[in-house]
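Structure first, commentary second.
The values are calculated or read from the model by the stated rules, or taken from the named source; none is laboratory data. Only a predicted model underlies this, so the values are computations on that prediction, with no experimental measurement involved. Backbone-built Cβ (ideal geometry, glycine too); neighbour counts: all protein chains shown. When the accessible area is computed, the model is the full protein with side chains, heavy atoms only, and any ligands, DNA or RNA have been set aside. Shrake-Rupley method; radii C 1.70, N 1.55, O 1.52, S 1.80 Å.
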Amino acid sequence: MAKVFMTDPATGRCALFDEPVTTGDPTDPNSARNAPLNNPATNLADVYFHSDLDYMEISNYDAAKTISHALVTAAAAPGGITSTANFGWGTAIADHLLLTHGLGYIPHALVARGANLIYPGMPVQTDGLGGARYATIYCTTTEIRLYEFASTGAVDLAATNLNYEIMVFKQPPAASGSILLDYDPTSKDVTMGLGKFDSSRRYLQVVPGGSPLGLSYGRQIDLDNGGIRFGYPDGSTSDPVPAISTKLIGGIGGFGTAMGYGGSFAAASAIQVQAP
Amino acid sequence: MTDGFFVEGGKITINKGARTVATSDGTLVNLLGSPSINTTFDVAFPDFPKGKAYWWQFVSDYNDFASQYGWISEGRCQFTRTPQEWSQPSIIGVVPAGADLFKSRIRISRTGAPTHTWVSQSIDVLPKENVWMPFNGSCLVEAELGMARAFSIYISGSDLVLHRQQTMGPPSGGFGSAGNASPGLMVDTAGQEWSARGGAEGMSVWSDNNSPYYKYSSGTSPSLPLGTYDNHKWSGSDPCSETDPTNYASTYSVDLIGQFGRRS
């Protein structure tokens, strides 16, 4: 199949695509072979670029925002039951400002810890004894914030400073003007699709190399035997619930069998992206 | 790297500065321009399987000096949840042909909360409610000792799938009987029993130190206290209530706004 770059003055569209079929007039924007031009939504698999699409233009970027996370006190003994170790959830709630944006609407944002883009409640610190810190990113019309909760284990979870990489994305611009494709010899910028795409803007990139961040596109949590497995976009996993057994207070004999994740869940696939 | 628009080497490339802005090798995320989905739905989690842990004991001691029997009878019915691995996928949207990515944000609000504490802890919503969270993959919403709940949203073939999952861990140890509280051996006797009352053994998650879930009586008697030894036992007089007042089901209202797309 030929790769085609084509514009349609009648619709104001321009696109770079693979011809899905070889039938139809190559010069007709509405022919079958040029279907991706005026019907990108049903031909996504053949589209490299299309002026109707959203390319996740970056409006704000911070490569390393440092957040100071407080110490989390060790868990207390559970009530109404005895256990082989103390463990609990939901403590140390904190809410941190990551970035102030000036967009005036609720944007999309991606925030990474290391090479992993954070999904709601992703662990960002674990001690192997049940203590762990979990991050959730949320967006307002003015800010990108990080909300944390923690699980607590047998010992205090240490205070720590962690760096986060933050990308905030603009809504795609509306069409303006009448130029479908333009190359400015002075600025050397390429604009396409009535100004909706401009090479001077920074769009999220899917690339090998650089410092890519994993963006998952599948399940990242599995539950089993009272425990939890978190997958990370880089393929690693974390099972923060320790192997704890419980016993009825004053019960006869020993403790029950241990809870804790016993499954075989592997992290979902991820694509590697980065801020250009 | 030279800025501009190039057709060479069998591909098309747009460069700017040090950046490769777009190429026909694929460097962009192609997202459909307007939200593909803007919807609200419920994410419901059922209660875990219920069980009981009924404790009873009787102690009798003959006091030679007073020439009478002293006795204590106690009963307690705690409520358990038994092991469970539960998951439920459901389809919440149709994926456009060729799409393999779903960029979205969610806003959650718990509209139906568990009625009681769990091992003396309230079952809190772990993420922040009523804010827009970028969403890619999964979200743990509740967890306490022995239990957890999460949901995921992902593409599976031509379906956008909501996957709900919850787990309930293994039972507590301690069920069984010890000692001897037989009325025929009442001179000095003590016995107790933890019973699941014919059901599956579970982890004790809720108890109360007051009637009707806990009962206690004691007394003295010049003769064998045959009529009191099974006070507060499930099969005896004045038993504890075995009606479980707890309901740990949860329901969330979830707002979802998302765009389908594909790596270019």
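How many Cβ atoms of partner chains, on average, are near each residue of B:197-205 if near means within 10 Å of its Cβ?
Working: counts 0, 0, 0, 0, 2, 1, 9, 9, 4.
Neighbouring Cβ atoms belonging to other protein chains average 3 per residue here.
Taking the Cβ of B:Ala143 as the center, what net charge do the other residues with Cβ under 11 Å away carry, scoring Lys and Arg +1 and Asp and Glu -1? It would help to have the intermediate numbers written out before the result.
Numbers: positive: B:Arg149; negative: B:Asp124, B:Glu142, B:Glu144.
My count for the surroundings of B:Ala143 gives -2.
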Computed D for chain A, Stokes-Einstein, Kirkwood radius over alpha-carbon pairs, 37 °C, 0.692 mPa s, to the nearest µm² per second, is 148
Mean-square fluctuation maximum in Gaussian network of chain A, Cα pairs under 10 Å, restricted to A:Glu143, A:Glu19, A:Glu165, hits A:Glu19
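Calculate the dipole size of the protein assembly as shown relative to its Cα centre from +1 charges on Lys and Arg beta carbons and -1 charges on Asp and Glu beta carbons; express the result in debye to the nearest 20.
For this selection, approximately 480 debye.
What's the average, rounded to a whole number, of partner chain beta-carbon atoms within 10 Å of each residue's beta-carbon in A:38-47? Show your work: numbers first, answer last.
Values: counts 0, 0, 5, 9, 3, 3, 15, 7, 2, 6.
So the per-residue partner count for this stretch is 5.
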Ignoring ligands and nucleic acids, chains A and B bury, in total, an accessible area (1.4 Å probe) to the nearest 100 Å² of about 6900
Answer in debye to the nearest 20: the dipole magnitude of segment A:1-53 about its Cα centre, from +1 Lys/Arg and -1 Asp/Glu charges placed on Cβ, is 60
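For segment A:1-53, which semi-axes, largest first and in whole Å, follow from the square roots of 5 times the eigenvalues of its Cα gyration tensor? Let's see the in-between values first.
Working: eigenvalues 41, 32, 16 Å².
After diagonalising the Cα gyration tensor, the semi-axes are 14, 13, 9 Å.
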Quick shape summary for segment A:133-212, equivalent ellipsoid via Cα gyration tensor, semi-axes whole Å in descending order, reads 42, 16, 9
So the pair-distance distribution of segment A:201-257, from every Cα-Cα distance in 10 Å bins, comes to percents of 17, 29, 22, 16, 9, 6, 2
Projected area averaged over all directions for the convex hull of the alpha carbon atoms of segment B:1-92, nm², comes out at 16.5
Treating every alpha carbon of segment B:57-169 as one equal point scatterer without solvent, the Debye formula yields log10 I(q)/I(0) values at q = 0.13, 0.16, 0.20, 0.21 Å⁻¹ of -0.68, -0.89, -1.15, -1.21
Cross-link reach from B:Lys16 to lysines, straight Cα distance under 17 Å and at least 8 residues apart if same chain, gives A:Lys188, A:Lys196
The relative contact order of chain B, taking Cα pairs under 8 Å that sit 6 or more residues apart, comes to a percentage of 34
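Kindly state, to the nearest 0.05, the FRET efficiency for B:Ser253 paired with A:Thr11, given R0 = 41 Å and r defined as their beta-carbon distance. Don't skip to the answer; put the middle values down first.
Details: r = 39 Å, r/R0 = 0.95.
Efficiency, from the Cβ-Cβ distance: 0.55.
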In a Gaussian network model of chain B with springs linking alpha carbons closer than 10 Å, the residue among B:Ser60, B:Ser237, B:Ser172 that fluctuates most is B:Ser237
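Just to check, using Stokes-Einstein with a Kirkwood Rh over alpha carbon pairs, what's the diffusion coefficient of segment B:4-57 at 4 °C and 1.567 mPa s in µm²/s? Don't skip to the end; give the middle numbers.
Details: Rh = 17.5 Å.
Approximately 74 µm²/s, per Stokes-Einstein.
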Across A:Pro212, A:Pro20, A:Pro36, the residue with the highest GNM fluctuation in chain A (Cα network, 10 Å cutoff) is A:Pro20
Averaged over the residues of B:98-106, the number of partner chain Cβ atoms within 10 Å of each residue's own Cβ comes to 5
Expressed to two decimals, chain B has a Cα Rg over Rh, using the Kirkwood radius, of 1.31
Between the modelled labels at A:Thr100 and A:Thr142 (7 Å from Cα along Cα→Cβ) the distance in nm is 0.8
For B:Ala18 and A:Asp25, extending 7 Å from Cα along the Cα-Cβ vector and measuring point to point gives, in nm, a value of 4.8
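Using alpha-carbon pairs under 8 Å, 6+ residues apart, how would you state the relative contact order of chain A in percent? Walk me through the numbers on the way to the answer.
Numbers: 683 pairs, mean separation 52.4, N = 276.
For chain A, the relative contact order is 19 percent.
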Mean projected area (nm²) from the convex hull of Cα positions in the protein assembly as shown is 29.1
Rounded to the nearest Å, the spacing of the alpha-carbon centers of segment B:123-170 and segment A:168-209 is 37
Magnitude of the Cβ-charge dipole (Lys and Arg +1, Asp and Glu -1) of chain B about the Cα centre, nearest 20 debye, reported as 1240
Rounded to a whole number, the Stokes-Einstein D of segment B:112-226 in µm²/s (Kirkwood radius over Cα pairs; 25 °C; 0.890 mPa s) is 128
Taking N as the number of residues in segment A:174-276, the ratio of its alpha carbon radius of gyration to 2.2 N^0.38 Å works out to 2.00
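Let me check I've understood the local charge: for B:Gly98, count other residues with C-beta under 13 angstrom from its C-beta, Lys and Arg +1, Asp and Glu -1. What total comes out? Don't skip to the end; give the middle numbers.
Details: positive: B:Arg262, B:Arg263; negative: A:Asp18, A:Asp46, B:Asp100.
Local charge sum for B:Gly98: -1.
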Here the net charge surrounding A:Asn38, from other residues whose Cβ is less than 14 Å away from its Cβ (Lys, Arg +1; Asp, Glu -1), is -4
If the label point sits 7 Å along Cα→Cβ of A:Ile271, residues of segment A:186-207 with amide N under 12 Å come out as A:204-207
Cα pairs beyond 20 Å in segment A:16-142, in percent, come to 65
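Which FRET efficiency value, to the nearest 0.05, is calculated for B:Arg197 and B:Asn130 with the Förster distance at 41 angstrom and r the Cβ-Cβ distance?
Between B:Arg197 and B:Asn130 the formula returns 0.50.
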